[in-house]
Each structure stands twice: as structure tokens, then as C-alpha cells.
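Report on the structure given below.
The values are calculated or read from the model by the stated rules, or taken from the named source; none is laboratory data. Treat the numbers as computed from the prediction; the structure is a model and nothing was measured. Glycine gets a Cβ as well: all are built from the backbone with ideal geometry, and neighbour counts include every protein chain shown. Keep in mind that these areas ignore ligands, DNA and RNA; they rest on the heavy atoms of the full protein, side chains included. Shrake-Rupley method; radii C 1.70, N 1.55, O 1.52, S 1.80 Å.
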Amino acid sequence: MRLIIRDDPKAVAYYTANYVRQRINEFKPTRKRPFVLGLPTGSTPVEVYWHLVDYYKRGEISFRHVITFSMDEYVGLPRSHPESYCAFMRRHLYDHINLRPENVHMLDGNADDLAAECQRYEDKIKEVGGIELFLGGIGPDGHIAFNEPGSSLESVTRVKTLAYETVLANARFFGGDVNKVPKLALTVGVGTVRAAREVLLIITGAHKAVALAKCIEEGVNHMWTVSVVQLHPSAMIVCDEDATLELHVKTVRYFKSIEQVQEQLIGRQHIGLKGSISKLASSDPSGSFGSGVLPPVASAATNGSSSSDASQSSADQDEDGDGDGSVSSQQFSDDEYGDAAPAAAPAASTPSASNIVADSSSDTHGVRVDDSIAPAAPVGNPF
Ligand SMILES: N[C@@H]1[C@@H](O)[C@H](O)[C@@H](COP(=O)(O)O)O[C@@H]1O
């Protein structure tokens, strides 16, 4: 498991959105080989979605060959209700990017046969080849999707009764009235999340610090269903400093030092997504490794793909899926299905990799970690 710690929720959102963009662009999805993405609701991912919309509008990513599966949905809440997860996903992401309607999958909490609806969802996930990347959040009680404490760690998509703590936590979306919060939901299972080829969780806030500690420092336990990520071969948690409050200092220093040492020994340019390593840095010019003195980390400019790299990756997607993998940027903009083509870059209210100013001052736990992808976040909700 990888734990990436950033200063605050904005930096977490920015890191996560960048990661998703790079994963999709490196995958080079085509019609025959789409990228299958699992997505959460909740307040935590909202800013991630703003960034993804921004990347799309800048032409840095295309969702044309991306298939999405939302994690969960309330039972009995009309889809048109502003707090339905269907409305949420449309409001924050789906209505603003070039997903094909047939590639958007959401659970129907008003289906006549809820069990059949859950089975349909599982079948559909299998039919498209499984989920490549499952992005998730957690509740303060450590639930992932709506897999409340005590959920089977092998569970699949099903109807779930919500824990009182979750109803309380979500009452804020229903005018603070717990009576208005649906008590049942459809949710992908813990096993559904585990089956994804990669899991990326975003966890922010002191109110989730106990859950993060249970997830990382204790054993796999159905009372903290997020802890199942310990069993996943490719799991990453991106959290903020507040969420680390219940972790041992040693744990925090360990994960921060991994990031720092990797950059020193390997060089950020050689660390692939999912933590893969292409080669070691050619030399250790300072010769300082082992002395306990870590050199400054790389600057923002070396962090992952530049905007133009990402844009090129998008443009390289094989539009017609014939396997040749090469299309011109004109083809990238063409829209045989009538979707909106990537728009011009919006005004300077949104960030780009190039205008991020590195801030390496964070030293909360005594280990300096490069924060070079700390965001200049969008000003306000762009929608
Ligand atoms: N079912 C959702 C979860 O999928 C989500 O992770 C959680 C966290 O929400 P927030 O990000 O608002 O804390 O909320 C709900 O319970």
C-alpha cells in the first residue's frame, strides 16, 4: 500500500486528479480497450471532479473511451432529487465531460427488483472486463462506498442498511434532518472494490483520522471495511495532514520518507504510476544516501507529465479502436457521437501544472516532503 500525505484537502484533490489523468492518458483507452473507472460520491471527491472537468476543457484528457461505474445510490430517492447520487455525479462530473451516455453506469435505487439491479451491475462490470481503477472515499466509521461496519469483506453489489453514524453524517445534505436521509442504499461490495485492478482512496479531515489509523495500523477487520485495502496488491491512499492525527509519528515518517527516498534514489521521472520503477537514477551525485541527509526534492516542473505531455497522450488515443494507436489531434477533436469537443482552456481561475508554485515548507512530522503538486485550486465552484 502507498500512503501519500499532502498538506490539506486541496492538495489531496489536485494530486488525485493528476493521478487519474495520467493513468487514463498512459492507458491510451480505445473503443475496444476502454478504461473502466469506479467513482465515489461524497464531498471529498468534488474538487477532484472539478479538476478533471478542467483538464477535459483544456483538452488534456478525453473520456470518450472511459466507462464509469458509480459506487452507490440511495434506495427510494428519485433520481431527480438533488441529493441522489445520480444527480450528484451528473452535477459534478458527468454533465461536463465527453463520456458516452452508454458508458455511464449508475445503480438504480428505484428499480422494481433491487436484487436483480445489483446483479445487473456486477454482470456489467464483468462484461466490460472489470474495473481498472476504483477511486473511493470513506465514511468516518471506515466504510467504503456504503459497506458499513460488519459488511462481508467478500461482499458484492447489494442492498445495504445504513449505519446510524452514516445517516447522521449524511444528514448535512438533507437540511440536517436525519429523518429525510434514506436508510437503505445500493452499494458495490467490498469484494467489488477489491476486484478492481487498482484502488485509490482519498481521505481528508480529522474526523476520519481514527478510520485511517484503523485502516493502516491495525489488521484487516470487517468493522473498518476500508482496511481491506491491506490485501490489495495495488492500493494507494491519498490523505491530508489532519487525517494522519491518529497515526503513530513513526508511521507518518515512514510513508513520507518512502516518497522522499524514492525521489532521491530513483528520480521522480523514473517512478511510474502505481509505484513502478523503470530504472534507478544514473548516479547519486551527493553520495549522501545513507548519511541521513536527504537532498532537496525535484521541482514542480519534473512532476509527472506536463500539460503538453498529457495532451499528447490524449491525442494518441486510438479513436477507432483499430489498434494503430495513432490519431491526429484533429481526430481527437472530432465527435462522431455529437459530444462536445474539448473546449478551449478556461480563464485563469483554474490551475495548471505550470502555474503551481512549489511549497516545501511542510514539516509537520519532521520529514520534509515535496509538495510541488500542491494546487492553486479553482476559485469557487465552476458550476
Ligand atoms: N456512500 C458515500 C461514500 O461513498 C463516501 O465515501 C462517504 C464519504 O463522504 P464525504 O466525502 O462527504 O465525507 O459518503 C457516503 O457515505
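Which condition number does R64 fail, the rest of (1) within 25 Å of G205 (Cα to Cα); (2) open to solvent by less than 10 Å² (accessible area, probe 1.4 Å); (3) of a type in the set (D, E, K, R) being met?
Failing condition for R64: (1).
Could you go through region 227-244 and let me know if any residue there is open to solvent by 30 Å² or more (accessible area, probe 1.4 Å), within 16 Å of the ligand (Cβ to nearest atom) and at pLDDT 95 or above.
Checking region 227-244: at least one residue is open to solvent by 30 Å² or more (accessible area, probe 1.4 Å), within 16 Å of the ligand (Cβ to nearest atom) and at pLDDT 95 or above.
Is it fair to say I125 is away from the ligand (no atom under 12 Å from the Cβ), buried (at least 16 other Cβ atoms within 10 Å of the Cβ) and not in a helix (DSSP H, G or I)?
no
Report the residue count in region 144-195 for those that are touching an Asp or Glu at 6+ places or on another chain (Cβ under 8 Å), among the small types (G, A, S) and more than 12 Å from the ligand (Cβ to nearest atom).
2
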